[in-house]
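Below is one structure, written out as structure tokens; comments come after it.
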Amino acid sequence: MARQYNIKKFFRAAPNVLLASYFKKRKALADFDFKTLKEGNPDPLVAAWLELPDKQRAKMEAQFQEIYALSCQQGVKAITDEARYWIEKVDGEPFEPFMDWIAGLKNDADRAFQTFLKYPKYWKGATNFFHADSLSWWRKRKGLPKVAAQCDDDSLDKLSDKIIHYYHYEEGKGTNCTVEPFRRNDLDYFFAYPEDYSQRGIEWVKDEIKPRPHNPIFEVIFVYSKTYGTLDINYKGDRKALKHLQRFFCEAILKAELPPEPKDTRVYELNPLLEGFTPQFDPSSGIEEVHVTKMRLSSCLKQGDRINLEADSEENPNAVYELKEKVAKGLPMKYFNVSRIDFHASVVVDVSKPPIPVKFHVTHPNSCNLKYDDAGRLLREMLKKSKIERKEPEGEEDND
């Protein structure tokens, strides 16, 4: 559950010395004495903060919200992933000194704030990764060419132009678009920001409420794996856009045609789960348990006919399967395919804290609502080990 931001919480969590450094650099609150401010007692600072001009305060508050959001384990993970790229790939330096530095800081709030102040070039990528980690409903396509993603300006402009053209003529929006690439370990992230429909919102302008038109953005996020030849896309909108977005990415970034839709489009193999489920995972992974809570069966004989099996699995992890056996006495299971499975998992992502519950589902043929956070990555690996996410045939050579 996301933590709710407010300025008092932020000032209370942030070390006074870092707050003093932040405001000094921005030439704000010059008369405020941070030396006499007691740690954890932000009331005097909040009072001074409220006296700042609205425009100045709004800009800084947006930055404070980012820092506050990344003041957690997952935020620090996003920071270190982006820092690794800059340090090892760009600067050609060893990564260990940075990790020693960040591990030696007092807490996650200190780590996020100090990174923001000392390493601003890491910040944008870290905030983008953190945002992507919070999203569900990724749509996966397999069978793409295993080639290096091209991140030069010309390739990014081509992807942007294709997105603009599609949304402009199909939906009457997307007049402008920019695409930003980031490398995260062995994955390539591309964040596209097309222009959405113009909106007219009611806002406070100084001391009056006024209507103000603005041009918001919507986002399309691509996550490409050269290792597996897969592309995950996250966007909101018409389902028919998916194939177009896949094609645009292949043509502009991979310099290849989108391969024909495979005869077997399944990314996830669900039918074996009809007979039972034994999750496979490394005992040291942090996963404590995974069990099925709901199963959707779709008729092979009549499109649209479905059976949803749902049972209380809190006390009995096999409750759904026991219910299935009762239903099978009246309906032959050979006439049904498993089209969706809901799971409940318990995962330890921080050894100093209790395991977190994770509810997620996998839908035939290629949808999964797991996030790309720490727990999500562990559970995605479990899906592979359990042969729910299908393994591509071996023998395909990578192309450089």
Could you check region 165-183 and list, in sequence order, the residues that are closer than 16 Å to Ser155 by Cα, of a type in the set (D, E, K, R) and open to solvent by 70 Å² or more (accessible area, probe 1.4 Å)? Arg183
Condition check: open to solvent by 90 Å² or more (accessible area, probe 1.4 Å), among the charged types (D, E, K, R) and under 31 Å from the mean Cα position of the chain (by Cα). Does Arg12 satisfy that? yes
Could you identify the single residue in Pro145, Pro94 that is farther than 30 Å from Lys25 by Cβ and either in contact (Cβ under 8 Å) with a residue 40 or more places away in the chain or not basic (Lys, Arg) (or both)? Pro145
Select from region 26-39 the residues that are more than 32 Å from the chain's Cα centre (by Cα) and of a type outside the set (A, V, I, L, M, F, W, C) and write down the one among them that is surrounded by the fewest Cβ atoms within 10 Å (Cβ to Cβ). Asp31
Just to be sure I understand, how many residues within region 40-63 are more than 33 Å from the chain's Cα centre (by Cα) and among the basic types (Lys, Arg)? 0
So Gly143 ticks every box in (1) within 22 Å of the chain's Cα centre (by Cα); (2) closer than 29 Å to Lys359 by Cα but one. Which box is left unticked? (1)
For region 289-342: of the residues being of a type in the set (Asp, Glu) and in contact with a strand residue (DSSP E or B) (Cβ under 7 Å, 6 or more places away or on another chain), which is most open to solvent (accessible area, probe 1.4 Å)? Glu310
When every residue in region 374-400 that is outside any helix (DSSP H, G or I) and at pLDDT 85 or above is compared, the one most open to solvent (accessible area, probe 1.4 Å) is Lys387
Output the number of the condition that Asp196 fails; it satisfies all remaining conditions of (1) over 30 Å from Lys55 (Cα atoms); (2) open to solvent by less than 50 Å² (accessible area, probe 1.4 Å); (3) over 19 Å from the mean Cα position of the chain (by Cα); (4) among the charged types (D, E, K, R). (1)
Do we find that Gly104 is open to solvent by 30 Å² or more (accessible area, probe 1.4 Å) and farther than 26 Å from Leu19 by Cα in this structure? no
Quick check, is Tyr224 under 30 Å from Asp350 (Cα atoms), surrounded by 14 or more Cβ atoms within 10 Å (Cβ to Cβ) and in contact with a strand residue (DSSP E or B) (Cβ under 6 Å, 6 or more places away or on another chain)? yes
Please return the ranges of helices (runs of 4 or more DSSP H) entirely within region 1-70 where 2 or more residues are farther than 29 Å from Ala132 by Cβ and out of contact with any helix residue (DSSP H, G or I) (no Cβ under 9 Å at 6 or more places or on another chain). 43-49, 54-69
Pull out all pairs, ordered by first then second residue, where Cβ-Cβ is under 7 Å, the residues are six or more apart or on different chains, the first lies in region 47-67 and is open to solvent by less than 60 Å² (accessible area, probe 1.4 Å), and the second is part of a helix (DSSP H, G or I) and small (Gly, Ala, Ser). Ile67/Ala112
Across region 316-345, what is the total count of residues that are within 22 Å of Leu135 (Cβ to Cβ) and of a type outside the set (Phe, Trp, Tyr)? 5
Of all the residues that make up region 205-221, how many are more than 30 Å from Lys255 (Cβ to Cβ), in contact (Cβ under 8 Å) with a residue 12 or more places away in the chain, open to solvent by 90 Å² or more (accessible area, probe 1.4 Å) and out of contact with any Lys or Arg (no Cβ under 6 Å at 6 or more places or on another chain)? 3
Can you pull out the residues in region 349-362 that are closer than 17 Å to Val290 by Cβ and open to solvent by less than 70 Å² (accessible area, probe 1.4 Å)? Val349, Pro355, Ile356, Val358, Phe360, His361, Val362
Taking region 81-101 and keeping only residues that are surrounded by fewer than 11 Cβ atoms within 10 Å (Cβ to Cβ) and of a type in the set (A, V, I, L, M), one is left with Val90
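The values are calculated or read from the model by the stated rules, or taken from the named source; none is laboratory data. Since the model is a prediction, treat every value here as computed from it, not as a measurement. Virtual Cβ from ideal backbone geometry, glycine too; neighbours counted across all protein chains shown. SASA here: full protein model, heavy atoms, side chains in, ligands and nucleic acids out. Shrake-Rupley method; radii C 1.70, N 1.55, O 1.52, S 1.80 Å.
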